[in-house]
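Notes follow the structure.
The values are calculated or read from the model by the stated rules, or taken from the named source; none is laboratory data. These numbers come from a predicted model, not from an experiment. No Cβ is skipped: glycine too gets one built from the backbone with ideal geometry, and neighbour counts run over all protein chains shown.
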Amino acid sequence: MVKIQSLFFFILIFSSSFHAQAQIDQKLVTQFVADFPGMYGISDEEVSNILSKAVYKADIIEKITKPAEGSMTWERYRNIFMKDERINAGVDFWKEHKEIINNVSTQTGIPEQTILGILGVETFFGQRKGSYRVLDALYTLSFGYPKRARFFSSELEEFIVLCHKEKLDIYNVKGSYAGAIGYCQFMPSSYRAYAVSYDDDGSRDLSNQVGDAIASIANYLKEHRWKAGEPVATIAKTSANTIELPKQSLKPKYKAAYYINQGYEPVKGISSDQSATLLAFDYKNADDEFWFCFDNFYVITRYNHSQLYALAVFQLGEAIAEKM
């Protein structure tokens, strides 16, 4: 009886493993190895060996098919991040790394609270950096998710090169189900393009070196044309004679005066010549909140293209600064 149970268990495990690998398009794997650029000094054999040790993760496909943010209202999204626990953690993190954060902010012109807002939304200040092997995540999405195979296979290539250049252990780098890495959740292409070393020691470790992570967030925003000293967003007051506007773009197209003339008044004083866009956010089953969002708000959406994300980063950063 014991032998029969053992045999059944073996067959079950083998069947599950075979089924999982069957979800992978092996032709795409073979093509990826054949097309891997030779300029990086990584042989086809090395690439093939790396991929042979990757594991397909079915739950990743489920998560990326039904992302939580897709059905989020602003009220629900805001309530995830604007909690005392996260705000207090931000204050503690700021106190612990105050010198680094201040140095980076001074050198780059990126406000301290904006850096903290991103760290808080992305990984709860490094407490939730992701539990998936990045290799498994990118392997699964490159060869088992046709809808975005081109994007993720490009990121897989970047990841292999990144680990080779930075001497990272490719089999032990952990991240999100989408393959984002470290405190600041950079995808491998962004890691290679925008990550910097805080102490100029030649390495860029976004998973273990908090200084590198802080400096890299600031560098990312700076490279995407952050305007030092300019505002991010401010809420608008509306009146009975407010004109209903069509959906606005994330990137400012008009001056603030355009919206002011339509009956939308900024709560905080801003120049009427300031480039702005007016975005609506549903809140508490009532009328929409309207926000004047400026060029720096748009820069935050280059980090994550969601307007919900950008406003959460802004509000969390402001709440941490106020509590500090």
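Condition (residue is modelled with pLDDT under 95, assigned to a helix (DSSP H, G or I) and in contact with a strand residue (DSSP E or B) (Cβ under 8 Å, 6 or more places away or on another chain)) applied to region 79-88: is it met by at least one residue?
The answer is no, given that none of the residues of region 79-88 is modelled with pLDDT under 95, assigned to a helix (DSSP H, G or I) and in contact with a strand residue (DSSP E or B) (Cβ under 8 Å, 6 or more places away or on another chain).
Hey, which of the helices (runs of 4 or more DSSP H) in region 90-186, taking only ones fully inside, have at least 2 residues that are without any contact (Cβ under 8 Å) to a residue 40 or more places away in the chain and in contact with a Leu (Cβ under 7 Å, 6 or more places away or on another chain)? Write out each step before concluding.
Working: elements: 98-108, 112-123, 134-144, 149-166.
Result: 149-166.
Confirm whether residue 298 is surrounded by 13 or more Cβ atoms within 10 Å (Cβ to Cβ), over 18 Å from residue 105 (Cβ atoms) and either in contact with an Asp or Glu (Cβ under 8 Å, 6 or more places away or on another chain) or not polar (S, T, N, Q) (or both). Outline the logic, then answer.
Working: surrounded by 13 or more Cβ atoms within 10 Å (Cβ to Cβ): yes; over 18 Å from residue 105 (Cβ atoms): yes; either in contact with an Asp or Glu (Cβ under 8 Å, 6 or more places away or on another chain) or not polar (S, T, N, Q) (or both): yes.
Answer is yes for this residue.
Read through the list (1) under 30 Å from residue 317 (Cα atoms); (2) loosely packed, with under 13 Cβ neighbours inside 10 Å; (3) at pLDDT 95 or above; (4) not charged (D, E, K, R), then give the number of the only condition that residue 52 fails.
Unmet for residue 52, out of (1) under 30 Å from residue 317 (Cα atoms); (2) loosely packed, with under 13 Cβ neighbours inside 10 Å; (3) at pLDDT 95 or above; (4) not charged (D, E, K, R): (1).
What is the residue count in region 40-56 for residues that are among the small types (Gly, Ala, Ser) and free of Cβ contacts under 8 Å to residues at least 24 places away in the same chain? Let's see the steps before the verdict.
First pass over region 40-56, keeping only residues among the small types (Gly, Ala, Ser): 41, 43, 48, 52, 54.
Filter once more, so that each one left must be free of Cβ contacts under 8 Å to residues at least 24 places away in the same chain: 43, 48, 52.
Residues meeting the conditions: 3.
Quick check on region 107-125: of everything there that is over 17 Å from residue 324 (Cβ atoms) and over 14 Å from the mean Cα position of the chain (by Cα), which residue is surrounded by the fewest Cβ atoms within 10 Å (Cβ to Cβ)?
Across region 107-125, the extreme among qualifying residues is 107.
Provide a single number: the residues in region 234-255 that are in contact (Cβ under 8 Å) with a residue 24 or more places away in the chain, farther than 11 Å from residue 279 by Cα and under 29 Å from the mean Cα position of the chain (by Cα).
Total meeting the criteria: 1.
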